[in-house]
Each structure stands twice: as C-alpha cells, then as structure tokens.
1. When region A:61-75 is examined, which residues are found to be more than 8 Å from every other protein chain (Cβ to nearest Cβ) and within 14 Å of residue B:362 (Cα to Cα)?
2. Among (1) of a type outside the set (Asp, Glu); (2) surrounded by fewer than 20 Cβ atoms within 10 Å (Cβ to Cβ); (3) under 22 Å from residue B:245 (Cβ atoms); (4) touching a residue at least 24 places away in the same chain (Cβ under 8 Å), where does residue B:292 come up short?
3. When region B:250-282 is examined, which residues are found to be within 14 Å of another protein chain (Cβ to nearest Cβ), under 16 Å from the mean Cα position of the chain (by Cα) and either closer than 19 Å to residue B:194 by Cα or part of a loop (DSSP other than H, G, I, E, B) (or both)?
4. So which of A:16, A:28, A:38 is within 22 Å of residue A:152 (Cα to Cα) and at the interface with chain B (Cβ under 9 Å from one of its Cβ atoms)?
5. Take the residues of region B:149-163 that are closer than 20 Å to residue B:186 by Cβ and in contact with a helix residue (DSSP H, G or I) (Cβ under 7 Å, 6 or more places away or on another chain): which is modelled with the lowest pLDDT?
6. Can you report the number of residues in region A:82-106 which are away from every other protein chain (no Cβ under 12 Å), buried (at least 22 other Cβ atoms within 10 Å of the Cβ) and not hydrophobic (A, V, I, L, M, F, W, C)?
7. What's the number of the condition residue B:438 fails, among (1) away from chain A (no Cβ under 14 Å); (2) part of a helix (DSSP H, G or I); (3) at pLDDT 95 or above; (4) surrounded by 15 or more Cβ atoms within 10 Å (Cβ to Cβ)?
8. Among the candidates B:318, B:314, B:382, B:389, single out the residue that is modelled with pLDDT of 95 or more and among the charged types (D, E, K, R).
Amino acid sequence: MGTKDDEYDYLFKVVLIGDSGVGKSNLLSRFTRNEFNLESKSTIGVEFATRSIQVDGKTIKAQIWDTAGQERYRAITAAYYRGAVGALLVYDIAKHLTYENVERWLRELRDHADQNIVIMLVGNKSDLRHLRAVLTEEAKAFAERNGLSFIETSALDSTNVDTAFQNILTEIYRIVSQKQIRDPPEGDVIRPQNVEPIDVKPTVNSDGVRKQCCQ
Amino acid sequence: MEGEQDKASFWKKNTKTVPGRPSPKRDVKSIAKGKPAGATSFQDFQASVSDAWDMDDDDICVISGLENAKISKKVSQSAALNVLNTHRNTTTEENTCSDTSRKAQVIQEVEQVRSRIPGRPQQLLNLNPPQEEDTQIKLGRFEELLVNSPTLQDLCKLSWSGIPVKVRAITWRLLSGYLPINLERRNGVLERKRQDYWTFVDKYYYTDHDETNRDIQHQINIDVPRMNPSIPLFQQKTVQIMFERILFIWSIRHPASGYVQGINDLVTPFYVVFLQEYLSDNQPFETFQVDALDKGKLNIIEADSFWCLTKFLDSIQDNYVFAQIGIQKKVLQLEELIKRVDETLHRHLKQHNVSYLQFSFRWLNNLLTRELPLRCTIRLWDTYLAENDCFATFQLYVCAAFLLFWKEDLMRERDFQGLLMLLQNLPTQHWSSSQISLLVAEAYKLKVMFADSPNHLLSNAGDS
C-alpha cells in the first residue's frame, strides 16, 4: 500500500521487455520486493511496480512497467514505451531463440519508444550454467555494436539484479543531470510529482550506431 | 517491420495448412469406440473434404477469401474488422432485443419478457436470504427442472444466483449451448462432439506442426505449467497435457485470434467443474490426483472443457484478435460507466494519472480469473453463463461493480503508485461465493439502471 518513499528527486520510467518466459516478472519482483517464484503466472498486458534507490545522494524513484512477452500484446504494451527513459531488454541465456529475438525487440523500441531511451541488454537465468546456450562474449559484443549496456543476471539467486537496475538508473541519471548542467533548468526538468516524459540526450560516448534520426 | 510479416504469415499459414492437411495417423485414435451406425460423423465428413471446419461451430472466425496465400497487412486487418463488425452487429441486435422487450413489458407479457433477462426483479428478491440455507431446496428445483427438457429461460433464471455443485456440470453444458436442451438429442450430441474433439486431436495435435503452429505450441507450453501455481491440481503432468491439447486445438480452430496468454486461465473453471462431476461431495478438487480417474472419464473432462470453452469465447473473440480491439473498447466503456456512476472515484483516479487500461485490461482479458480465487470465479461464471449471449456486456457491469467495491480503499490511496499497486493486487483471497453474489447483484443494478439508456456507453467511448 502507500509506502512512505514518495519523496524523491527524480522519477524515471523504465520498461521490461523481451520474450515470454525469460524471467521479466521475476527480475521485477526480485528488485522491488526481493521475491522470486519458480512458477510465476504469465503477465497479462502490463504490470507495475516501483522502488527507489540512491545515486550521488539523490533519491531516484524507478517506476517499472513489466510487459507481457507474447506478440499479441504488442499493441497494448507498446503504449507503455512512451515516456520511458530506460528499457531492460531481457533474454534467457539458456534459450537461444530468446536471444535471437532481441533484434526484433530493438526494432520494436525504435518504432515506439523515445529515440534516446537508454537500453540495457540483460541475459537472465545465469544460474543455469549447465544449460547455457548464449555465450557471454557473444551477447556482450552484440550489445557493444548496438550501443547497449550489458549484464547477466539471475533473478533466482539474486546475482546482479540490483546492479542491473542500479546501473541503468545511474546511466539515466548521469544523462539527465548532465543535461541540466548544459541547459539550465526550465520547464522541462524532472521534479517530484512530475510524471511527464523526460527528454534524455543520447549517451555521449556511444559510437554513433544509435544516431539521432528524423522523427 | 518483421512483426507485420509475422502477422501476415500467421494468417497465411493457418488458412493454408489446416484445411486439407494430409490424413492423420488414424490408428492413434484412443476413444473412437464404435460410432453409432448411420450417424455420419464429423470424422467421415472431414476425411472426405479439404475443409477443416465444423460449420456448426465458431464459423465466426472463418474468414473467407483467404485462399490466396499472399496476404497483406491491409487484408488481414480488414478481415479482423469483419470479425469485429460481426460482433458489433450481434451486440446491437441484443441491445435492440432487450429494448423491444422493454416496450413489450408495458403490455401484458410481463412475465415472459422478464425472463429474457435472467434474474430480473425476482433475482433481487432471491439475493436477500443467505444462499446456504436453501441449497437443498435449490438442488431440488434444479433436479426437477433437469429431468425434463427445461426451457433455457427457466434454467437461466434458476442458475443466475448460483448453481449447486452437484448439478453444475450438466447445467453449464446446457447453458453454454454445448448440450441441447432437448433430452432426446443429448446423448447423441455428446457422443458425437466428444468424438469430434478427439478427431481434431489426432489430426492436428499429434502431427507435425508448421512454424506458426510450433509458435502457438511453444507459447502454450510456456504458460500451462505456470498457471495457478498455488493449486496442486494444475501441477500434475496429466492435467497439463490435457490443457495443452485443449488450448492448441482451440487455437488452430480460431486462427483470427490464436492462443492468447490468459486463455489458459479461462479453461480452468470448466476443467474443475467437469472434474467435480467425478468427485464425491465436498472432496476438494485442489489436491485431487487425476490419475486416479480412468481414461474414459479424463477424455470426457477434456472434450467437454474444450467445447464449453469454445462456446463461451465465441461472443468475446474480438477480445483476442489483433490489437485486442474488443478489450480496448470495453476499457473505454468501463471508464464512461464509472464516470457516470461515481464521479468522485473517477476524478480521484484521473487526478493521480491512473488510466483504466492500466488496471482493467487484465480484468477483461482474463474475465477476472486473475483477481478472484478459483472457487469464486466458478460461482461468478454461473451467472455469466446464465446471462447467456449477453454476458460480454454483463461482464462490463461486473467490472464496474468490482471497482466500486474497493472505492473506500482506493480513496485512501494518495498517489499513483499506491493506487496502482492496490488495483493490481486487490485483496480477494478470502472471498467466498457470498461476496460474488453481492458483486453480481450490484452489477445487475447497474445493468438495470443503464439498460434504459444504452447510448450512455457510447457517448465518449470512441464509437463514432
């Protein structure tokens, strides 16, 4: 119910996307409630959770939208990409197909999300070592080529889950605060209670793969 | 965009491969126990033609003119639109019919007309006394009705406020339109339908799947093991395989939608009700080991679940087609309804940027199965089935009543996150059928209140 963490400096909207069954909902429940269900129900449409973290002494509240993986839900879930400043694109390291589909999800983001959205590629279920089907190096190289950050996680044993969220939120925070230094705050700066879409400039050191294109 | 291509190939493959598929290995047939002589069954028909569809059923999704394999996005969308229009038309018919009945009511046929809307005023009277005490009397009334060929109206009227477990299975079969009301036809139809189902299974399930069907199968296989994780019944391998077959066959017979996540949950009430037919009184289904039942009984549970699901979903198929337009429309209608009924609550939600889609999508997609304990869902579906063809509209009023039920708690929440967290996890764990009776009574009141102004749902609901 109404948690008392309603005081924050920044509010960032983040979406969790990726194929069905890769563990999006468990990543979310691990991060927000420290819970894991081996057999959690499939997500219908979109579900929501939130958690606040500290970066540089600032409170950052993450509003995270967990989406259904099935293609039929795209029309509904794509509506939630709007205004999102970050996306965790999740695949299952033990199911190669879910990794192959990453490109499709990127296209989906390109079509529906803000062009400057910060994307992190997440290889989940890293605890399934003996079943690994996607090499870490391969995914890492793919992420680099596409200007994404990359991490492997296990929602089951908690490995890197907090780090993943922490990293993407920090990255967004850096971009936003840099922007504030460059362009002194006016109307469009994020303030508490302001849930408006945030304009995030592209990562400064990205190698130009995600170039700003016409809209 | 690849998504588009997929959509196109989805249509293409289904229409191309399903009809006229090479004959299946017929010897796998497990329950084809000597079919009645003379009754040229579906199997014979199907074997002789290249058309896979049983014309009695779900013609709704048969989209003509798709013989040509290359299908553009435009074509597939207009086909989807066809489906939607068909639905819209039938809904309008229903509306007009209840409208005319209102006028007729003024004339003398009051009784008859009332029975068209099951549970009208009589219903409200029934809701006052607690249900438990008259269970025996009610069971008696059901049994009396069922030994003959009852009228559907009588059966709806009696069922609306809940059906005793003992007669629920047969009543659901009748209400869903799967089992004919006419006593003499019943056995023949049941036998034929059950055989038909197993023919589909042989023909489509136990054969090589093309890519589209493999995708469907894959999605079903992911979803079935994780439904109702807290109920041991659904963790049994035998049960899961039955669900996989039901969902797969339903999907290939409904190419306009195919399997959509959540439909698996909609099988569970049927499955449990038909299983309960073989359980002794008060034996909890949750922990029952289905392997204790013989194969014949399991086959009946499976086939009947399939057919009743099929009938049940027929009136809401636009919920599951491309873009899920049926649901989007209902979300708007729900918003419009709440705005009229409870401006305070509506404003409260809006003030905190909560949109109806964010919480009611799942209510509508899963018909509240995710929001209620399974036993409550089953009780709720007594009423849904008794609403018959009007249940899609009625469900909207149930959702409205459900939202209003939580008004006090919602008004206490002071921000977006609090509201949404509550709306996603409404505390119904301890609900029983009495809460459901209350819920449907409230829904019924809303329905009556707004039945006189059918346009209220349309005003701003984008139904231009």
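1. Of everything in region A:61-75, those that are more than 8 Å from every other protein chain (Cβ to nearest Cβ) and within 14 Å of residue B:362 (Cα to Cα) turn out to be A:66, A:67.
2. Condition (4) is where residue B:292 drops out.
3. B:251, B:254, B:257, B:258, B:259, B:260, B:261, B:262, B:267, B:268
4. That would be A:38, the only listed residue that is within 22 Å of residue A:152 (Cα to Cα) and at the interface with chain B (Cβ under 9 Å from one of its Cβ atoms).
5. Of everything passing the filter in region B:149-163, B:149 is modelled with the lowest pLDDT.
6. 3
7. Unmet for residue B:438, out of (1) away from chain A (no Cβ under 14 Å); (2) part of a helix (DSSP H, G or I); (3) at pLDDT 95 or above; (4) surrounded by 15 or more Cβ atoms within 10 Å (Cβ to Cβ): (4).
8. Just a single option satisfies the conditions, and that option is B:382.
The values are calculated or read from the model by the stated rules, or taken from the named source; none is laboratory data. All of these numbers come straight from a predicted model, not from anything done at the bench. Positions of Cβ are generated from backbone atoms using ideal geometry, with glycine treated the same way; all protein chains shown enter the neighbour counts.
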